[in-house]
Amino acid sequence: MDLIPSIVARHAEMTAWRRQLHARPEIGFEEVETAAFVADRLRAAGIAVHTGLAGTGVVGVIEGRPGSRSIGLRADMDALPMDEAGDRPWRSTIPGRFHGCGHDGHTVMLLAAALHLAATRDFDGRVVVVFQPAEEGLGGGRVMVEAGLFERFPCDEIYALHNMPLLPFGQASVRPGPALASFDRFEVTIRGVGGHAAMPHKTIDPGLTMAHVVVALQALVARNTDPLQAAVLSVTQMNVGTTHNVIASEARFAGTVRALDEAARAIIEAGFSRTVQHVAQAYGAQADIAYIREYPVLINDAAASRQAGAAIEATLGRDGFAAAFPPLMAAEDFAFMLQQRPGAYLLVGQGTGPESPMVHHPAYDFNDDILPIGASLLCQFVELRGVN
Ligand SMILES: [Zn+2]
Ligand SMILES: [Zn+2]
């Protein structure tokens, strides 16, 4: 590994910061303490700081040598609304709040990178460090773009990274093209006619209708989308009825759709309401459908991905570049920023073996050993550019 010495020297401090943030997790658009933590340290390093973009977002601008190039680096700051398992000394002190995706680590890696770049200013042009709120399902990245992120802070390119338990420690990956899936979600209410369970002919059973709708929806991926274009439809919640001898009058289900291709996404969206409406109609029931488009497919720019691959090789060596790591069906609102500017999204391996819990698992924790790796990688995007 070829890490930046001044960042390695800060490893203990970074670890302390990460654990401090971990103990005080804040969920989307509520990152008040976290944003202040970031802004205070950026200001103390002489970095121009802008707060309040998308509510709790923080943007820092670092000027290097004279030059017109501007590179964006982005981290996410939010935690998840869930409880943490285990009893680490730095465990969450707030019930129902948990840094279960490692955004505490991402925040600290970008902060350390910013402090290094501000201390050395050994690059051409400027760097824009973007600390965004609300990545977990609330689209803070979209809100930042809509709030004028790139108009107020022009960037020619933008980069971000995420820790990855499925990749071993010491490796990182980036792939050109679609790298993470789109994310949509749906909520359906099926309205029937309730009644006595022993006299079903006097009812329109929303539960039976829902069962058939859920099965029929599985044909959208199996029979409507191209098998070579990955897509997932998962029904994750189904609710009907209150007791054994009453047929309810309503049933509800909800779930999510993911796709690695915008065409596949559109086919599923169109087929969704067609399938739900017609199957419900076949059983005499009515369906109210809410289908919400959330995040687009995350698409890495080809040239930026090559740049990111070079940064990985410069930092972790040739063996550290896991170029074959496949795309994931998870989603990321960094996709909204990549719709506006070319850039790339990296995955930094933090796995310590097959038992490493995946992000969003209650026993997950960010691996502090990757703090200097991520911070060094982020600096590489800026400093490699200076050499080019
Ligand atoms: Zn997450
Ligand atoms: Zn995450």
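The values are calculated or read from the model by the stated rules, or taken from the named source; none is laboratory data. Just so we're clear, the structure is a prediction, and the values are computed from it rather than from any experiment. Glycine also receives a Cβ, built like all others from the backbone with ideal geometry; neighbour counts cover every protein chain displayed.
Select from region 44-83 the residues that are more than 14 Å from ligand 1 (Cβ to nearest atom) and assigned to a loop (DSSP other than H, G, I, E, B) and list them in ascending order. First the steps, then the outcome.
Start the filter on region 44-83 by keeping residues that are more than 14 Å from ligand 1 (Cβ to nearest atom), which leaves 44-74, 83.
Result: Ala45, Gly46, Ile47, Ala54, Gly55, Thr56, Gly64, Asp83.
Scan region 159-173 residue by residue and report those that are within 11 Å of ligand 2 (Cβ to nearest atom) and closer than 18 Å to Pro357 by Cβ. Write out each step before concluding.
Taking region 159-173 as the starting set, the residues that turn out to be within 11 Å of ligand 2 (Cβ to nearest atom) are 160-164.
Within region 159-173, His162, Asn163, Met164 meet the criteria.
When you look at Thr243, is it surrounded by fewer than 19 Cβ atoms within 10 Å (Cβ to Cβ), over 18 Å from Arg191 (Cβ atoms), touching a Gly at 6+ places or on another chain (Cβ under 8 Å) and of a type in the set (Val, Ile, Thr), yes or no?
Here the answer is no, as Thr243 does not meet what is asked.
Working carefully through the options Val8, Val49, Val38, find the one that is within 17 Å of Pro133 (Cα to Cα), of a type in the set (A, V, I, L, M, F, W, C), in contact with a helix residue (DSSP H, G or I) (Cβ under 9 Å, 6 or more places away or on another chain) and touching a residue at least 60 places away in the same chain (Cβ under 8 Å).
Val38
Evaluate the following for Ala198: is it modelled with pLDDT of 95 or more and in a loop (DSSP other than H, G, I, E, B)?
Details: modelled with pLDDT of 95 or more: yes; in a loop (DSSP other than H, G, I, E, B): yes.
In short, yes.
Can you pull out the residues in region 278-302 that are within 14 Å of Phe253 (Cα to Cα) and either among the charged types (D, E, K, R) or part of a helix (DSSP H, G or I) (or both)?
Of everything in region 278-302, those that are within 14 Å of Phe253 (Cα to Cα) and either among the charged types (D, E, K, R) or part of a helix (DSSP H, G or I) (or both) turn out to be Ala280, Asp288.
Just give me the residues in region 331-362 being in contact with a His (Cβ under 9 Å, 6 or more places away or on another chain) and either of a type in the set (S, T, N, Q) or assigned to a loop (DSSP other than H, G, I, E, B) (or both), in sequence order. If you could, list the steps in order and put the result at the bottom.
Of all residues in region 331-362, those in contact with a His (Cβ under 9 Å, 6 or more places away or on another chain) come to 332, 334, 345-348, 359.
Matches in region 331-362: Glu332, Val359.
Every residue in region 90-132 that is part of a helix (DSSP H, G or I) and aliphatic (A, V, I, L, M), please.
Going residue by residue through region 90-132, those that are part of a helix (DSSP H, G or I) are 103-120.
The answer is Val108, Met109, Leu110, Leu111, Ala112, Ala113, Ala114, Leu115, Leu117, Ala118, Ala119.
State which residue pairs qualify: first residue among the hydroxyl-bearing types (Ser, Thr, Tyr) and inside region 235-257, second residue surrounded by 18 or more Cβ atoms within 10 Å (Cβ to Cβ) and outside any loop (DSSP other than H, G, I, E, B) in any location, beta carbons under 6 Å apart, and separation of 6 or more residues or different chains.
Thr236/Gly255
Go through region 5-25 and report how many residues are outside any helix (DSSP H, G or I), surrounded by fewer than 21 Cβ atoms within 10 Å (Cβ to Cβ) and either under 18 Å from the mean Cα position of the chain (by Cα) or not basic (Lys, Arg) (or both).
Going through region 5-25 one residue at a time, the tally reaches 1.
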